[in-house]
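Comments concern the structure below.
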Amino acid sequence: MSLAMIFAVAGLVAAGTFLVTSRSLSRIVLGFALLGHAAVLALLASGGRAGSPPIVDGEPVPDMSNPLPQALSLTAIVISFGLTLFVLALARRQQLLTGDDLVEDDVEDRRIATTQEAREAAVDETRELEALHDNPEGGS
Amino acid sequence: MIAVVGLCVALPLLASALVLGVRRLATLRDVITVSTMAAVTGMAAALLAEVDRNGTVVLRVGDWAPDLGIVLVADLFAALILLVASATILVVELFAIGQRRTPAGADPAVVSPILLVLAGGVSLAILTGDLFTLFVAFELILVASYVLLTHQGRESQVRSGMTYVVINLFASTLFLFGVAIVYSATGTVNMALLAERIPELPAATQVGIGLWFLVVFGTKAAIFPLFSWLPDSYPTAPTTITAVFAGLLTKIGVYVLIRFFTLMELDELGALLLVIAGFTMIVGVAGALAQDDVKRILSFHVVSQIGYMIMGLGLFTVAGVAGAVLFLIHQIPVKTVMFLAGGLIEDDQGTSALKKVGGLATSKPVIAVLFALPALSLAGLPPFSGFVAKLALVDAGISSGAYVIVAVSLVGSILTLLSMTKIWIGAFWGEVTPSAVPASGRRSVTIMQTAAGLAVAGTIAVAVVAGPLWRMSEQVATDLLDRTPYIVDVLGGTVGEEEVD
């Protein structure tokens, strides 16, 4: 794996991961495109050093580049292309429904978490009051 | 018999194309879908009988040598899970046909073809003997699940669908990186060859590969701490979809984890797996206790139960892995039928929120029975299948001296029972609530209840045939941990030898 390849993969992964952690779906789509490229580059690099086109020209085997990672990469590219389109369609649907493409909070989850917080806050308050009652001077 | 292995993958995919063409002709569509799944289930049963009697069946696609081409391997483990999985999809398909197009239900014109794609992907993931084909199979399953989850396009579904899609896409990208890492370390993606070469790598590389794939497969299997997408997305989908997701998708992740970790001899990660298992059990069930909606409680239980299977794997003993395999076989039908019962509640009452539902034990005794039996099984009460599976795991844990995880698993079981009681008190006891939805003429409650009843019968059957199943599970575990049978079956013998008979 050449140094240039390492830096290319690392850069693509870094940028891709940064974009994927965003809340905006259009950025997430771009992030996945970058991550997909990085994975394909890594697959290609895993095949060893570059060589002449495999099989078609009838070159001797030691001069060929390894055809297997190329086949795997092609499959991976097709899959990631289809999925990118699907996520874009999902982003468009979200935009139609809510007017933006941000990933929303889980309402049900927030509801249960909030009641829990409210309960805890009530318990804390009671404890503070009790402490104040038991020890009037120490309650600062 | 060798053709059957290929047909289990190809038939659902071909039928899917056919069903897509005739999707507006309801009767023809339903007949094709159900008969295809029935055929796949039948073939899986025949395959299981054959494999149990005469040993592993290996299909070399295109007759390429195993190190060059793709192999499909039906060993005992694969055949067992394939049978359970395809029977589950068949039952869910029946339920979907019964449900028709109620507001809560999914559109069968979309669901039927996509479920068939899912079935093809599941068969491929179970049978494949090649890491990259496994990636393709996962993508097939995931693409189908993305569509199933979001096809109604409701706001809640698009929201939770996004979390689901983004997290799974990320895991898939990591999978691709994993394939690159493994290929550059070993020069092959064939699992039997990997099983020979990975144990020869430096220890640090082995652990690195193990951890990498633990994250990849762990995200699919929803282990702690990678499970957060599951309880968020599952409850928003229509019941039939959630049932098949909960029953199958995470379990395929577990299946692959068991397969990969035993085959690559990664038992140095056993202790880590046990810790993960403990957290998965407790965090999952604690999440379930906090919820107050039937579908959400059940979704958290999916996570909790994954912990038990990981526990069996983490022990890395024959008894432990056999326990995990038996638990897997018990979980697939039980989880599916629990969600189907949840769907029957939702279908009858128009909601599955515990506060708005009540008194079903008197008003709808059939649903109560269909819920109670698998719920007791899930909690692990005798004489149901959950008891047999949990007993096997606890027994394996004690004989390995892993007392902490055994204690954690027992606490998890009690909490499971507690949260099942919560559903029972909330939905089945108390004041009878009037249904919020008017009875729709387009659905057939009889078909839905028959489908759920069939699945309940399946879970009871697992307990009835627990003896032979346990024998098979032990056989599976012995072969998995020994590793040589798999390697010899895939690589051994000259090309084309199997085709002669």
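The values are calculated or read from the model by the stated rules, or taken from the named source; none is laboratory data. As the structure is a computational prediction, the values presented were derived from the model and not from experiment. All Cβ positions, even for glycine, are placed from backbone atoms using ideal geometry, and neighbour counts span all protein chains on display.
Annotations
- One residue alone among B:VAL92, B:VAL84, B:VAL31, B:VAL110 is under 25 Å from B:PHE339 (Cα atoms) and either among the polar types (S, T, N, Q) or over 23 Å from the mean Cα position of the chain (by Cα) (or both), and that residue is B:VAL31.
To keep it simple, each residue is scored yes or no on (1) of a type in the set (A, V, I, L, M); (2) facing chain B (nearest Cβ under 10 Å); (3) in contact with a Ser or Thr (Cβ under 8 Å, 6 or more places away or on another chain); (4) surrounded by 14 or more Cβ atoms within 10 Å (Cβ to Cβ).
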{"position": "A:PHE7", "(1), (2), (3), (4)": "no, no, no, no"}
{"position": "A:THR17", "(1), (2), (3), (4)": "no, yes, no, yes"}
{"position": "A:PHE32", "(1), (2), (3), (4)": "no, yes, yes, yes"}
{"position": "A:LEU44", "(1), (2), (3), (4)": "yes, yes, yes, yes"}
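- Which numbered condition B:ASP292 fails, given (1) within 14 Å of chain A (Cβ to nearest Cβ); (2) within 15 Å of the chain's Cα centre (by Cα): (2)
- Residue, surrounded by the most Cβ atoms within 10 Å (Cβ to Cβ), within segment A:88-125, restricted to residues that are of a type in the set (S, T, N, Q) and at pLDDT 75 or above: A:GLN94
- Residue check, A:LEU74 without any contact (Cβ under 8 Å) to a residue 12 or more places away in the chain, in a helix (DSSP H, G or I) and within 12 Å of chain B (Cβ to nearest Cβ): yes
- Only residues that are facing chain A (nearest Cβ under 10 Å), more than 13 Å from A:SER73 (Cα to Cα) and touching a residue at least 40 places away in the same chain (Cβ under 8 Å) were counted across segment B:179-194, and they come to 3.
- Against the numbered list (1) in contact with a helix residue (DSSP H, G or I) (Cβ under 7 Å, 6 or more places away or on another chain); (2) closer than 30 Å to B:VAL166 by Cβ, A:ALA14 comes up short only at (1).
- Per the conditions (1) touching a Lys or Arg at 6+ places or on another chain (Cβ under 9 Å); (2) within 30 Å of B:THR150 (Cβ to Cβ); (3) more than 10 Å from chain B (Cβ to nearest Cβ), the sole criterion not satisfied by A:SER2 is (2).
- Candidate set: segment B:65-93, residues that are free of Cβ contacts under 8 Å to residues at least 60 places away in the same chain and more than 15 Å from B:LEU7 (Cβ to Cβ); chosen: the one surrounded by the most Cβ atoms within 10 Å (Cβ to Cβ): B:LEU90
- For segment B:160-178, filtered to residues that are among the hydroxyl-bearing types (Ser, Thr, Tyr) and within 9 Å of chain A (Cβ to nearest Cβ), the residue that is surrounded by the fewest Cβ atoms within 10 Å (Cβ to Cβ) is B:THR163.
- Hits in segment B:147-159 (condition: within 7 Å of chain A (Cβ to nearest Cβ) and crowded, with 21+ Cβ neighbours inside 10 Å): B:THR150, B:VAL158, B:ARG159
- The set of residues from segment A:19-30 being part of a helix (DSSP H, G or I) and either more than 10 Å from chain B (Cβ to nearest Cβ) or crowded, with 21+ Cβ neighbours inside 10 Å (or both) comprises A:LEU19, A:LEU25, A:SER26, A:ARG27, A:ILE28, A:VAL29, A:LEU30.
- Every pair of residues 6+ apart whose Cβ atoms lie under 9 Å, when the first sits in segment B:7-34 and is without any contact (Cβ under 8 Å) to a residue 12 or more places away in the chain while the second is among the small types (Gly, Ala, Ser) and part of a helix (DSSP H, G or I): B:LEU14/B:GLY120
- Hits in segment A:17-45 - residues which are of a type in the set (Gly, Ala, Ser) and within 19 Å of A:VAL78 (Cβ to Cβ): A:ALA33, A:GLY36, A:ALA38, A:ALA39, A:ALA42
- Count of segment A:51-71 residues which are within 14 Å of chain B (Cβ to nearest Cβ), aliphatic (A, V, I, L, M) and either closer than 16 Å to A:VAL9 by Cα or not in a helix (DSSP H, G or I) (or both): 1
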